[in-house]
Amino acid sequence: MAKKTEAKKVEKTSAKKVTEKSKPTKSETKKNMLSDLSSVNKLRLLYELQIIDSSIDNIKTIRGELPLEVQDLEDEIVGFDTRIKNLVQEIKEIDSSVAQRKNGVEKAKNLIKKYEEQQKNVRNNREFDSLSKELEFQGLEIELNEKIIKECGIKIKDKKREIEATKAMLADKKVALEEKKRELNEITSETATDEKELIVRADEIKDLIESRLLTAYNKIRHNARNGLAVVTVKRDACGGCFNKIPPQRQLDIKLSKKVIVCEYCGRILVDADFANE
Ligand SMILES: [Zn+2]
């Protein structure tokens, strides 16, 4: 604390000295320029900084959503690819079980032929009945296998239809992805230079604004939902929260003699004419 006040004193005295000296040094010139900044200039600089920061915010917002959209589309495409692969694999499995069932039908048919031959040469009724039961069993076996084969055919058809639908969606997503990627590239290359220039200009202005005021500006901006720390008076109201400003206060704002904040939202209020300059 003691050091701070001391530093302030030094600064004040050196500023006094500068006016007495005929040729100030470079650093003294800068200090002098800062202390000489009139309130109007301070407010104008703050307002300009706000405009630049808002432009940078805009660029970030536009670009900020596109990479996410690209990522989403890429994820969806991977998902569709996986779905198609899974369906193809499922069809393969069903195909092999169909082959198995067909094999079962053949076996049963052969057995039926065999049993029918045997039935012609039976020695007694008991043998005949036993073969009849076998024949009946193999008949049921064929029926069951054929029923399953039929069901498998329907399942395969459904899965093939699903593959076609997924392929169509996949193709659409791929087109959309290309479009988004192109859009993102355009915006990135378009705004990259703008953004750089804006950041350079913002830094230049920040150098001219006293740190206490800059800290306040950053704090207000950080707390404001729309990133606005400096607003003009619009239709007798705060341009940030739209609460009415009393006429006397509006006059003070118009004079730009000091930093005036909105009593409702805390934003710094500046003359509406600043917006037209
Ligand atoms: Zn306000």
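None of the figures in this text is laboratory data; all of them are computed from the coordinates on show. Values in this document were obtained by computation on a predicted structure and should not be read as measured data. Ideal geometry is used to build each Cβ from the backbone, glycine not excepted, and the neighbour counts take in all protein chains shown.
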Query raised in the report: Any residue in segment 129-147 that is under 15 Å from Ile94 (Cβ atoms), of a type in the set (A, V, I, L, M) and surrounded by 14 or more Cβ atoms within 10 Å (Cβ to Cβ)?
Result: no
Report task. Would you check which residues across segment 245-266 are more than 14 Å from the ligand (Cβ to nearest atom), under 23 Å from Asn41 (Cβ atoms) and without any contact (Cβ under 8 Å) to a residue 24 or more places away in the chain and list them? Result -> Leu251, Asp252, Lys254, Leu255
**Report entry** Matching residues in segment 157-207 - criterion: being within 25 Å of Val78 (Cβ to Cβ) and in contact with a Lys or Arg (Cβ under 7 Å, 6 or more places away or on another chain)
**Finding:** Thr166, Ile187, Thr188
Report task. Quick one: in segment 36-89, of everything that is touching a residue at least 40 places away in the same chain (Cβ under 8 Å) and among the acidic types (Asp, Glu), which residue is farthest from His222 (Cα to Cα)? Result -> Asp81
Report summary line: Scanning segment 195-217 residue by residue, the ones that are farther than 16 Å from Arg44 by Cα and surrounded by 13 or more Cβ atoms within 10 Å (Cβ to Cβ) total 3
Report task. Select from segment 201-243 the residues that are closer than 11 Å to Gly266 by Cα and in a helix (DSSP H, G or I) and write down the one among them that is farthest from the chain's Cα centre (by Cα). Result -> Ala216
Requested in this report: Please verify whether segment 223-240 includes one or more residues that are away from the ligand (no atom under 13 Å from the Cβ) and surrounded by 12 or more Cβ atoms within 10 Å (Cβ to Cβ).
Outcome: yes
